[in-house]
Structure formats: C-alpha cells, structure tokens
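First the structure, then my questions, so here it is.
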Amino acid sequence: MHMTMPRVLQLAVTLLTAAFLIVPAIQSVLAGLTVNYFRGISSGLTLKWLGQVWELYAGSIALSMWLAVTCLAVTLVIGVPAAYALAKSPGRMSRVLEEFISLPLAVPGLALALALLQLYGSMQGFRTSWLFILVGHVLYTLPFMVRSVLAVLMAMDLRSLEESAATLGASSWTRFRTVVVPNAMPGILAGALTVVTLSIGEFNLTWMLHTPYLKTLPVGLADSYASMRLEIASAYTLVFFVMIVPLLMAMQWATDRAQRITR
Amino acid sequence: MTLTITNASKTYPDGTRALRPTSLTVGPGEILSLLGPSGCGKTTLLRIIAGLERPDPGSEVRFGDEDVTRLAVERRNVGMVFQSYALFPNMSVCANIGYGLKVRKVPAAELTRRVDEVLALCRLEDHAERPVTALSGGQRQRVALARAVAPRPRILLLDEPLSALDAALRDSLRDELAAMLRQFDITAVFVTHDQSEALAIADRIAVMSDGVMQQIGKPEELYRSPASAFVARFIGNAMPLPGRMEPGRLVLKGGVLPVPEAAGRSDVYVRAEDIHLDEDGPLQGTLETVSFSGGHYRLGIRDVVEDTLFATHPGRQAPAPGDRVRLRISPDDLVFLPQSGHMPE
Amino acid sequence: MTNRIFVALCLLPLAVFSMAFLALPIVRLVQASGESAEGWGIYLQILQTPRYLQTLLQTVLVSFAVALTALAISTTAGLFLARNRFPGRGALLSILTLPLAFPGVVIGFLIILLGGRQGLFNTLLPGHVVFAYSLTGLFLGYLYFSIPRVLLTVMAATEKLDPSLEEAARTLGASPWRIVVDVILPGLAPSLVAAGAIAFATAMGAFGTAFTLATDIDVLPMVIYTEFTLSANIAMASALSVVLGLATWILLLVARSFAGTTVAAGG
Ligand SMILES: Nc1ncnc2c1ncn2[C@@H]1O[C@H](COP(=O)(O)OP(=O)(O)OP(=O)(O)O)[C@@H](O)[C@H]1O
Ligand SMILES: [Mg+2]
C-alpha cells in the first residue's frame, strides 16, 4: 500500500477508533480474570470471579437464554407469515402497517416500557411473570424479523414462484411451506440471529419491565456495576461477551448473505 | 381433453379491457398457438385458462365436460410453463419436476418412476441432481416443461417459453420443443409473439390483436387466406398494393398487374417472397436498397407503389441501387381482402 | 379467493400482537400524559420549566455532537477500509463493527473502565483524569455505540458507489482531495444523512449508558426515569416520553426519505 499523507491520517483515525473500542473491552476481560485489578496482572490470573458470577447470576443468564429462545419462537411465528402477507399485498395499508410495527425501532425503549407498564401494570399475574418481559422483547425485535424476511421476499419473484406452485396443485398452505419459507431462509436466518442477539442484550425495556425475581443478563450486569466489586462486574461482562460476540459475528455474516440476495 | 372457452373476457380492476369476449375450442392433443403483438391479451387469456385470473362474469371455461370456471388453480390440473420459468431455486432439478406429484401425495416409488420417465423424455438425466440455479437457459426451459408435464396435466399452457433465450438458442430449441410437445400428446395452448415459432409448433394458430380474436386456423390457411389486413400483415408481413381496381387488372404506379376477374372490389396484398425480378415483368420500379441476408437479397424498390416495396431475391447476384428493375407477381400469390374504407396502417 | 383468506390469516397474529402491545399502550401513554392536574397543559409546562427545557436542549446538543463526530470518524475509517486492502484489515473491521449490538449498560461500564475513578486514564496519567461521569463520558459512550452503525452504513454505501465516476474524475485530472469532495461525498450523502439521523435518534433515546454512568448530567431518558420511579410523576414521565418518541420517530421518518437502507440496532 502506497502511503500518502491523507492515507496516513486516515489510518491514524481508524487505528485510534479501533483502540477506543477495543481497549476497554480488553480491560474488562483482563479485570475479570486477575486476582486484584488494582495491583495489575502481576497479582495473578484467576477464575474465582467467574465462579462467583456463576453463583450470583446463573439464574439471570438462564432467564436471558430462555427469553431469547421464546422470543425467537414468537417472532418466527408472528413475523414470517406477516412478512409474507406484506410482500403479497403491495397496497398502502401494508406500508402503513409495516411503518407502524417498525415504531419500536425509532421510539426509545424507555417510552415503550412506560406505555406497556401503564396499560398492563395493574394486571398482577401478567405484570410479574416472565411473559411481560417477553412481550417487551418481541415488541423490540419483531420489526427486525419482519423486515429481514420481507426484504428477501421482495427481491425474489414471489408471484411467479407461487403461481407455478399453484398450477402444480399446491394449496396456499403447501405453497407457503414448500416454496415461500425455504426461499426466504436467508432472510429468516439473518432475522433470527438478529432477534437472539438483540434479545440477549436488551436493557432499556427490560430494566423497566423486570421484577426483583426476574432479572435478565443485562439487568444483572447493571446490578453488578452498581453494587459489586470491579472484578466481578468485569467477569460478568466477560461472560456476556462470550455469549454475544459469536452471535454478533454470525448475525453479521447472515445479514451480509441475505443482503447479497436482496441486491 | 377438449378445451372450450366461451365468451371469456377480462377487465382489470384499473379498467383495462385486456380481453374482449372470446370463444375458442382446442381439440384433444391439439397444439394451439396464441399469436399477437405485445399487450394484445395473450397472457391474460392463458391465465384465465389456468385459473390464475378470474374472468369477467359470463365467461366460461370447460375442460372436457367439466365446467372449471370457478375452480381454483390448484384443483384445475393444468401444467404451465412460465415466461421466466419460475423454477423453485431451493430445489434440485428432480425435486422441481417431482413437485407436482409430491403435493398430490403420489407414493414415493411411483413418483421416482414418473420423474425418471419425464427426465428421459426431456433429456435431462445428466442433470437430475443439480440445483436449478446451475443450469443453462435451454436446460432451465426443459426443466420448466418437464415440471409442467410430470403430473400429467389435462391442459398444458406455455407462455412464451422461448422468449427468455437468446436468438440462436431459440431457433434450435424451437423444433426440439415442437417434437417434445407432439410426444406428450397433451392439449396445449402456446403463447408467442413470434410468428415463426407459431408456424413451426402449432397445429392451429389463433391471431389476437387488442384483446380481440382475429382469426383461428391452420398455419397455411392463415398464410394463404388471411381474414383481415391485420392477419395478413402479421403473418408473413404482407404489403398492400394500393391502386385502382379494374375488371381483371390492378393499375399501380409502376404498371398494370393482371388479377383474376373474381377479385372484384378488394384490397390486394403481396408478400416479399412472391415478388420476382423478371425482365419481362409487367411492373417497373427503381431499386433503392439492397441488403444481403445470407440465403437471399432483400431489395427495396421505389416507384411501384407509393411506399417502398420489398422483394426477396434468391439469386447469387443482385442489381445495384439506382438500377431500373422489372417485376412479376403471379396472380395466385396475391392476397385479396374485402375493401376497407381507409388504407389500414 | 381462498388465497386471500390465507394471506389475511398470515397477518392476523401480527395485527393482534401490535394492537395489544403497541397501539393500545401508546394510546394509554398519551392518555396518561394528560391525566395530571394540568391536563394537556403539561406539554406547555415542559416548555416553561427550565429544568425540562434545559434537559431537552442538552440531550439534543449531545446527540447532535455525537452524530457529527460519529459521521466524521466513521466516514474517514469507512472510506479507508473500503478502498484499501492490507494485512489486518479484517481484524480492524471486526473490532470496529462488533460493538454493534452491545447494550448501553455494558458500554457505560467500558467507559468507566477507561475514564472512571479506577479507570485506565486515571491510573496511567499523572494528572489523574476522571471523565466518565461527566458530559464527556456520556458523549464517549454514545459515540462508542454510534460508530459501528454509521461505519457499516458508510461502507455499504461506498460499495454501491459507481467506480467509473471516480475514474472519470481522475481522467479529467481531479486531485484525490477534489475527488472526495466532488464525487465521493455527494455520492454518499443520502446514506450519511440517514446514518447521522440514526445516530442522533439513538443517542436521544439511550438510557443504559447514562444509567450506568450514574451521571449528574440530565438527559431526557434519565429525567423520564427519575420522574417515573422517584417522583412518581407519571403524567410528566408520559408526556416527556411522548415528546421524545415523537421527536425520534419523525426524525427517522424524514431521514429515511433521503435514503432507503440503514443499519439500526440496540441502544
Ligand atoms: N394486472 C393487470 N392490471 C391491469 N392491466 C393489466 C394487468 N395485466 C395486464 N394488463 C394489461 O392488459 C393488456 C394485456 O396484457 P397481457 O399481459 O395479456 O398481454 P400479452 O399479449 O401477454 O403481452 P406480451 O406479449 O407483452 O406478454 C395489456 O394492455 C396490459 O397492460
Ligand atoms: Mg405475455
């Protein structure tokens, strides 16, 4: 690579930015593994903090995973058929509906959580169950699923494929199952990974919706940041990274793949 | 299976009258071609037969004795080859072809047997397990045909099955497709806007224009005795010979042409291949353009009629532009149509 | 047509869900904002109370600064990464895009690790610098989660730029700098507007970062939170939420009319 002055500047900005993003992450990983963060690495490496995190927060990690899985199931059941229906009806109504369900992308989670709390806060059984948090997660992730699938469906010649399946004797349901869903797979996969990733990391809504007995991983994180020693908070963050980073990478890979189809 | 269409018409929700009331019968095993310029309603008629489009009230579609007008597409048991082929990209060649059998819940053994049979008929054995995305245009076209015929449809419908191919491939596949269609022995309706395709493949041709059926008949019939100026022009590019009709002769700008006494008051048309250079010919004109097209020359001749008249010249040499030439047209080759008030465009 | 019924059925779960958990709650939220003694005058009160007004202004300013900075940094890095191939490029790209969906709380913690009382700067530098709990910390936190998003949008847009335009400019003798100004930036402009709007809107609504930093800087989401939980001023919390939601939604709607696709996630 030929280095000119502008290039050097660009490289410097890029490297500085990367450092800004990665250095604190490395710090937190190290802090979670050292015996005493203030004395530095020289105090030795340990898994003690991770062990404590497990004792303290295993429940919230499990809850987050459970929420992610159920959230995925619900967004699949609601989102994939909805994307299909939106792709089939090009009218104004569908665009309005698409815009409407995308509101959670634009409106801050805090506002949505307040809205949910005020309408359902007094329904005790619902308010205190994990389903209440699930509703928040589905609300937030659903537009990602719908849009991801919709983009792929719009890019293929859905109408011809369906019509040819129909002339071959396939009913609406059979066409959906054997033609629409398999061909929408790249979009579904990208949507699914996005849903899981976002659900595991969701904080803004969850913080408002959770109860003391139902803490998700990020809620537990906030809790540990406020009340635990730095090493434990770091170790917990490390656990979160271990869960989220592979998901993020998979999500980016799947999204790229789906976008190549859409182009 | 006989296909009978009675008074089928279609008005789209935006008010476009794509098809005026049309009646049509296609006999068992017959191959009918719907021929007409772009936008004349061919696809619309085909989709009405398939059940993909609901015709206006009063229309009727019958397969044999059964009235299928209100029957949903998936119950009609038609086979359709789409212009874009619409092969399922998520399935292999085999799975595409077997799809219609699979959704009809044909037992696995029977399904394999029939898929193999169709694969052989369409010469696709070597590609059976390949994904359809890895096929050439011609192969895709054959898969689309194989997929449509595998469930043994009552009627086979093809919407410009060759138009997605490039010109050279189209010519070579035309005869192949004709042969395969004969082999299947299924009543077929074949849409095209290419007359040579229709002439090569169809038993009968239905010529359409602006949503109206102009004429239905055997290829030779349409060629020799077109019912209207539109058909004459569309099949074989007949050119008008505008002149003064006198008993037994037609007076043109470039000479006098003998015509049968019976011709009476009619418009006269002629095709380029029926105009011959002849030193003793009764017509005279000036050669304007000469273009060589392989087997013959195409000559543009001025001053015989108002417009340029074209003639094909099979000789090894052609006169040069600017030369005076004499022409002969045999009275048998002239096409006579009832006189219209104005000269058709 | 049975297929029509099937399509309608496909839409039914979505319609039910978004009616129950989106439409009705929003209606309730708007309703709740008018249930205080002031009635609908509460929206006027926001404009008349210096604390709210100042918060609003501060939130807008921080978000605006974040959007601009993120655009400048991400466009520089994005163009560099899109146009150059060198060893380590993949790793750099991963580092720059991985934080895409880190929640705000975690980012707040990372900023504390950098600039908190026990942070990197405070231990390494002789002057003992603590910036995590100030406006700077908030700004850096917002910047942290904005950079990956803007970067991805810029890079996607760069790939779609027609390279022949640039080549044409070069054959006409334009300097690299002129090419950037005359060809590349205009080509990227719609995406930049959209990405900037997303960064702005996300910063406006970001709650987790501010929450973790426990900053004494008032930003709108924190004020909404304290009004709701500490003061139990539900009407005011609702009214502020409505204002915040409406502002971000309209902003993104306008931005989207400039450019179609954008990368949005997390916050
Ligand atoms: N869904 C529709 N809504 C409104 N008008 C339509 C629709 N489909 C077709 N048309 C119109 O109906 C007329 C006939 O269309 P059709 O597709 O049947 O033509 P075609 O003969 O198949 O043409 P081509 O050779 O170009 O395929 C055209 O004018 C077309 O614009
Ligand atoms: Mg057509």
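In region A:166-198, which residues are of a type in the set (A, V, I, L, M) and facing chain B (nearest Cβ under 7 Å)? Outline the logic, then answer.
Here is the first cut: in region A:166-198, the ones of a type in the set (A, V, I, L, M) are A:166, A:168, A:170, A:179-181, A:184-185, A:188-190, A:192-193, A:195-196, A:198.
Selection gives A:Ala166, A:Leu168, A:Ala170, A:Val179.
Another question, if that's okay. Considering only residues of region B:161-196 that are modelled with pLDDT of 90 or more and of a type in the set (S, T, N, Q), which is nearest to ligand 2 (Cβ to nearest atom)?
Residue satisfying both the conditions and the ranking: B:Thr192.
Go over the candidates B:Leu177, B:Leu135, B:Leu169, B:Leu111 one by one and state the one that is hydrophobic (A, V, I, L, M, F, W, C) and within 16 Å of the chain's Cα centre (by Cα). Quick ask: steps written out before the conclusion?
Values: B:Leu135 fails: within 16 Å of the chain's Cα centre (by Cα); B:Leu169 fails: within 16 Å of the chain's Cα centre (by Cα); B:Leu111 fails: within 16 Å of the chain's Cα centre (by Cα).
When all the criteria are applied, what remains is B:Leu177.
Against the conditions (1) farther than 24 Å from B:Ile235 by Cβ; (2) in a loop (DSSP other than H, G, I, E, B); (3) of a type in the set (Asp, Glu), where does B:Glu288 fall short? Just the number, please.
Here B:Glu288 clears every test but (2).
A further question follows. Restricting attention to region B:41-52, which residues are closer than 13 Å to B:Gly211 by Cβ and either more than 9 Å from ligand 2 (Cβ to nearest atom) or in contact with a Lys or Arg (Cβ under 9 Å, 6 or more places away or on another chain) (or both)?
Residues of region B:41-52 closer than 13 Å to B:Gly211 by Cβ: B:41-45, B:48.
Those that are closer than 13 Å to B:Gly211 by Cβ and either more than 9 Å from ligand 2 (Cβ to nearest atom) or in contact with a Lys or Arg (Cβ under 9 Å, 6 or more places away or on another chain) (or both): B:Gly41, B:Thr44, B:Leu45, B:Ile48.
Taking the residues in region C:73-127 that are assigned to a loop (DSSP other than H, G, I, E, B) and among the hydrophobic types (A, V, I, L, M, F, W, C) as candidates, determine which candidate is farthest from the other protein chains (Cβ to nearest Cβ). If you could, list the steps in order and put the result at the bottom.
Just the residues of region C:73-127 that are assigned to a loop (DSSP other than H, G, I, E, B), to begin with: C:84-88, C:102-103, C:116-119, C:125-127.
Checking which are among the hydrophobic types (A, V, I, L, M, F, W, C) leaves us with C:86, C:102, C:125.
Numbers: C:Phe86: 5, C:Phe102: 7, C:Leu125: 14 Å.
Among those that are assigned to a loop (DSSP other than H, G, I, E, B) and among the hydrophobic types (A, V, I, L, M, F, W, C), it is C:Leu125.
Residue-by-condition table, conditions (1) closer than 25 Å to A:Pro24 by Cα; (2) out of contact with any Leu (no Cβ under 8 Å at 6 or more places or on another chain):
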| site | (1), (2) |
| --- | --- |
| C:His128 | yes, yes |
| C:Leu143 | yes, yes |
| C:Pro148 | yes, no |
| C:Lys160 | no, yes |
| C:Ser164 | no, yes |
| C:Val183 | no, no |
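Can you tell which of B:Leu199, B:Leu158 is assigned by TED's automatic domain parsing to the domain that holds B:Cys40 and within 16 Å of ligand 2 (Cβ to nearest atom)?
Details: B:Leu199 fails: within 16 Å of ligand 2 (Cβ to nearest atom).
Going through B:Leu199, B:Leu158 in turn, the sole match is B:Leu158.
Just wondering, is there one or more residues in region B:214-237 that are within 13 Å of the chain's Cα centre (by Cα), more than 16 Å from ligand 1 (Cβ to nearest atom) and under 25 Å from A:Ala165 (Cα atoms)?
No - not one qualifying residue is present in region B:214-237.
Of the numbered conditions (1) at positive phi; (2) of a type outside the set (D, E, K, R); (3) within 16 Å of ligand 2 (Cβ to nearest atom), B:Asn7 satisfies every one except a single condition; which is it?
Every condition holds for B:Asn7 apart from (3).
Looking only at residues that are surrounded by 16 or more Cβ atoms within 10 Å (Cβ to Cβ) and near ligand 1 (Cβ under 7 Å from one of its atoms) in region B:20-44, which one is farthest from A:Glu162 (Cα to Cα)?
Of all residues in region B:20-44, those surrounded by 16 or more Cβ atoms within 10 Å (Cβ to Cβ) come to B:20-22, B:24, B:26, B:30-36, B:40-44.
Remaining after also requiring near ligand 1 (Cβ under 7 Å from one of its atoms): B:36, B:40-44.
On the way: B:Gly36: 27, B:Cys40: 25, B:Gly41: 22, B:Lys42: 20, B:Thr43: 17, B:Thr44: 17 Å.
So the residue we want is B:Gly36.
Here is a list of conditions, (1) hydrophobic (A, V, I, L, M, F, W, C); (2) within 18 Å of B:Leu177 (Cβ to Cβ); (3) within 23 Å of the chain's Cα centre (by Cα), and B:Val61 meets all of them except one; can you say which number that is?
The number of the failed condition is (2).
Let me ask you something else. Is there any pair linking a residue in region B:62-91 that is outside the structural domain of B:Ala148 (by TED's automatic domain parsing) to one that is at pLDDT 95 or above, with Cβ under 7 Å and at least six apart or on different chains, and which?
none
Please state which one of B:Leu250, B:Leu222 is assigned by TED's automatic domain parsing to the domain that holds B:Phe310 and surrounded by 20 or more Cβ atoms within 10 Å (Cβ to Cβ). Before the answer, list the steps.
Working: B:Leu222 fails: assigned by TED's automatic domain parsing to the domain that holds B:Phe310.
Answer to the selection: B:Leu250.
One line per residue, one yes/no per condition, for (1) assigned by TED's automatic domain parsing to the domain that holds C:Val62; (2) surrounded by fewer than 24 Cβ atoms within 10 Å (Cβ to Cβ); (3) among the β-branched types (Val, Ile, Thr):
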| position | (1), (2), (3) |
| --- | --- |
| C:Ile198 | yes, no, yes |
| C:Phe211 | yes, yes, no |
| C:Asp218 | yes, yes, no |
| C:Pro221 | yes, no, no |
| C:Ile224 | yes, no, yes |
| C:Ala237 | yes, no, no |
| C:Gly245 | yes, no, no |
| C:Leu251 | yes, yes, no |
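Hey, could you check region A:199-254 for residues that are aromatic (Phe, Trp, Tyr) and within 22 Å of A:Cys71 (Cα to Cα) and say which is farthest from the other protein chains (Cβ to nearest Cβ)? Outline the logic, then answer.
At the first step, the residues of region A:199-254 found to be aromatic (Phe, Trp, Tyr) are A:203, A:207, A:213, A:225, A:236, A:240-241, A:253.
Then keep just the ones that are within 22 Å of A:Cys71 (Cα to Cα); that gives A:203, A:207, A:213, A:240-241, A:253.
On the way: A:Phe203: 4, A:Trp207: 7, A:Tyr213: 18, A:Phe240: 6, A:Phe241: 8, A:Trp253: 11 Å.
Among residues in region A:199-254 that are aromatic (Phe, Trp, Tyr) and within 22 Å of A:Cys71 (Cα to Cα), the one farthest from the other protein chains (Cβ to nearest Cβ) is A:Tyr213.
Here's something else I'd like to know. Does region B:174-200 hold any residues that are within 29 Å of B:Pro151 (Cα to Cα), crowded, with 19+ Cβ neighbours inside 10 Å and within 16 Å of ligand 1 (Cβ to nearest atom), and which are they?
Listed by number, the residues that qualify are B:Val189, B:Phe190, B:Val191, B:Thr192, B:Glu197, B:Ala198.
Is there any pair with a first residue in region B:37-54 that is assigned by TED's automatic domain parsing to the domain that holds B:Phe230 and assigned to a loop (DSSP other than H, G, I, E, B) and a second that is near ligand 1 (Cβ under 10 Å from one of its atoms) and hydroxyl-bearing (Ser, Thr, Tyr) whose Cβ atoms are under 6 Å apart and which are 6 or more apart or on different chains, and what are they?
B:Cys40/B:Ser209
Scan region B:117-134 residue by residue and report those that are basic (Lys, Arg) and farther than 19 Å from B:Ala179 by Cβ. Show your work before the answer.
Here is the first cut: in region B:117-134, the ones basic (Lys, Arg) are B:123, B:130.
Once the filter is applied, which keeps residues that are basic (Lys, Arg) and farther than 19 Å from B:Ala179 by Cβ, region B:117-134 yields only B:Arg130.
Among the listed residues A:Val96, A:Val23, which satisfies the condition of being closer than 21 Å to A:Tyr140 by Cα, within 14 Å of chain C (Cβ to nearest Cβ), of a type in the set (Val, Ile, Thr) and in a helix (DSSP H, G or I)? Quick ask: steps written out before the conclusion?
Details: A:Val23 fails: closer than 21 Å to A:Tyr140 by Cα.
The match here is A:Val96.
Quickly run through region C:154-177 and pick out the residues that are assigned to a helix (DSSP H, G or I), within 12 Å of chain A (Cβ to nearest Cβ) and surrounded by fewer than 16 Cβ atoms within 10 Å (Cβ to Cβ).
C:Glu159, C:Lys160, C:Pro176, C:Trp177, listed by residue number.
Can you tell me which residue among C:Thr97, C:Thr49 is among the hydroxyl-bearing types (Ser, Thr, Tyr) and within 23 Å of the chain's Cα centre (by Cα)?
Values: C:Thr49 fails: within 23 Å of the chain's Cα centre (by Cα).
From the options C:Thr97, C:Thr49, the qualifying one is C:Thr97.
On to the next question. Which condition breaks for B:Glu74 when tested against (1) more than 16 Å from ligand 2 (Cβ to nearest atom); (2) in a loop (DSSP other than H, G, I, E, B); (3) within 11 Å of another protein chain (Cβ to nearest Cβ)?
Among (1) more than 16 Å from ligand 2 (Cβ to nearest atom); (2) in a loop (DSSP other than H, G, I, E, B); (3) within 11 Å of another protein chain (Cβ to nearest Cβ), B:Glu74 violates only (2).
Say we look at region B:1-19 and pick out the residues that are under 23 Å from B:Arg182 (Cα atoms) and assigned to a strand (DSSP E or B); which of these is farthest from ligand 1 (Cβ to nearest atom)?
As a first pass, look at region B:1-19 and keep what is under 23 Å from B:Arg182 (Cα atoms): B:1-5.
From the residues that got through so far, the ones that are assigned to a strand (DSSP E or B) too are B:3-5.
Working: B:Leu3: 18, B:Thr4: 20, B:Ile5: 15 Å.
Looking at the filtered set, the residue picked out is B:Thr4.
How many of the residues making up region C:20-47 are within 14 Å of another protein chain (Cβ to nearest Cβ) and outside any helix (DSSP H, G or I)?
Step one: filter region C:20-47 for residues within 14 Å of another protein chain (Cβ to nearest Cβ), giving C:20-36.
Cutting the leftovers down to outside any helix (DSSP H, G or I) gives us C:34-36.
Going through region C:20-47 one residue at a time, the tally reaches 3.
Within region C:67-87, is there a residue that is within 17 Å of C:Ala199 (Cβ to Cβ), surrounded by fewer than 17 Cβ atoms within 10 Å (Cβ to Cβ) and under 20 Å from the mean Cα position of the chain (by Cα)?
Yes: region C:67-87 contains one or more residues that are within 17 Å of C:Ala199 (Cβ to Cβ), surrounded by fewer than 17 Cβ atoms within 10 Å (Cβ to Cβ) and under 20 Å from the mean Cα position of the chain (by Cα).
The values are calculated or read from the model by the stated rules, or taken from the named source; none is laboratory data. The structure displayed is predicted, hence computed values, not measured ones. Reconstructed Cβ throughout: ideal geometry from the backbone, glycine too, with neighbour counts over all protein chains shown.
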